[in-house]
Amino acid sequence: MGLKKTIIRGGLETLYFSGLHHLMRPLVGGVGAILTLHHVRPPRSDAFQPNRLLEVSPAFLERLLRRLAKARVDVVSLDEMHRRFVENDFKRRFVCLTFDDGYKDVKRWAYPLLKKYNLPFALYIPTSFPDRLGELWWVALEAVIAQNSRIGMMINGKEQFFDCASVREKRELYDAIYRYLRNMKTEDELRRVVRDLAACHRVDMAAFCRDLCMSWEELAEIAADPLCTIGAHTVNHPMLKKVPNDDTARAEMEMSRAVIEAALGRRPEHLAYPVGDPTSAGPREFRIASELGFKTAVTTRPGLLFKAHRDHLTALPRISVNGEFQQQRYLKVLMSGAATAMWNGFRRVNAA
Ligand SMILES: [Zn+2]
């Protein structure tokens, strides 16, 4: 497992950013990439870290930034990326660095490195997080399972119990409940279940927001740096596609922009859809973001940028450099001999 992780980590960075042009030939058609990161912090030693995929170490980030700074690509702001699309200016390949959710560790560990290499970056902020009303339900679920050896949970009106004493049981239970939650029809249902779980197992959900996310003061400091772009990421961080009516989905995007403008004095022109996979953002969301006048909006659908994305600027794919799970998924594709199929897949604009 360790070896596999190393290969994919090195592999992804190498494929995209080193001088190994023969490996990059299939990518030549692409004009750039947007990278997604969440947490940046020194690794913890806990064996049970189901959200490990959402973090990279400062050392890993520095290696990546050093390579980017040396590579023949421009690291650009979201505004500059937008300009290149609008003006059809693709003389040089480009990369945008984006960090979702506004975690304190990004300010502490990533920001000094971004300054050191003088690289522009964007933070996508769900406004309920600095407002201290955010529910980081995936972190709460991790805490409930980490702190207990047996969990009770209402499923279809019946209380069921699950053993989770060992690390293995914890991992399996986390995956099962996470899948169960993500498959729920509405975000409201999901939140209700996690709130219940947290309350029953004495986990303080509000604490995660306070402890992990930047305050408005911290955001104001980092937003003052010309390297930093603040983007909207809704108010409550819901999977927008599961929001039942258009008006609520629209309000989530519009309100977050208004709140950020009121708090930081600058109106965000870029948006990221929370979670951002096809179950969380689809044609309706792409249309609303465009109607609201966002210059660009990003998903977490994996892919490089192509000229054709010019007509789909509110449905842009990103490449995740986070943690392990997603990279392993790439590894499987690479190792299965379907690499060319993957690269070809990347060429298609996927806005459906
Ligand atoms: Zn997010």
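The values are calculated or read from the model by the stated rules, or taken from the named source; none is laboratory data. Treat the numbers as computed from the prediction; the structure is a model and nothing was measured. Here the Cβ positions follow ideal geometry from the backbone for every residue, glycine too, while neighbour counts run over all protein chains shown. Side chains included, ligands, DNA and RNA excluded: accessible areas come from the protein's heavy atoms. Shrake-Rupley method; radii C 1.70, N 1.55, O 1.52, S 1.80 Å.
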Q: Go through segment 276-293 residue by residue and turn each phi into a ³J(HN,Hα) via Karplus (6.51, -1.76, 1.60, θ = phi - 60°); whole Hz please, and just put x for glycine and proline.
A: x, 7, x, 7, 10, 8, x, x, 4, 5, 4, 5, 5, 4, 5, 4, 6, x
(Q) Taking loop as defined by DSSP and a crowding limit of 16 other beta carbons within 10 Å, which GluC sites (Glu not before Pro) in segment 41-129 fit? (A) 87
Q. How big is the equivalent ellipsoid of segment 172-316 along its three axes, where each semi-axis is √(5λ) from the Cα gyration tensor, reported in whole Å from largest to smallest?
A. 27, 22, 14
Q: Would you tally the net charge around residue 91, using a Cβ to Cβ cut-off of less than 11 Å, leaving residue 91 out, and scoring K and R as +1, D and E as -1?
A: 0
Q) What is the dipole size for segment 124-281, taken about its Cα centre, with +1 at each Lys and Arg Cβ and -1 at each Asp and Glu Cβ, in debye to the nearest 20? A) 500 debye
Q: List every residue whose amide H lies under 5 Å from the amide H of residue 213, counting only residues 5 or more places away in sequence or on a different chain, with H placed 1.01 Å from N in the peptide plane.
A: 104
Q) So who's got an amide H within less than 5 Å of the one on residue 95, skipping anything under 5 residues away but keeping other chains? H placed 1.01 Å off N, in plane. A) 33, 74, 75, 76
Q) What are the residues whose amide H is under 5 Å from the amide H of residue 320, where those residues sit 5 or more places off or on another chain and H is modelled from the backbone? A) 36
(Q) What's the magnitude of the charge dipole for segment 57-145 around its Cα centre, counting Lys and Arg as +1 and Asp and Glu as -1 at the beta-carbon? Answer in Debye, nearest 20. (A) 720 debye
Q: May I ask which residue of 120, 148, 165 lies farthest towards the positive end of the charge dipole of segment 113-168, with charges of +1 (Lys, Arg) and -1 (Asp, Glu) on Cβ and the Cα centre as origin?
A: 120
Q. Heavy-atom accessible area per residue, segment 49-141, 1.4 Å probe: how many Å²?
A. 38 Å²
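Could you work out the local net charge near residue 208, counting Lys and Arg as +1, Asp and Glu as -1, over the other residues with Cβ closer than 12 Å to its Cβ?
Details: positive: 104, 132, 210; negative: 101, 135, 142, 204, 211.
Computed value for this residue: -2.
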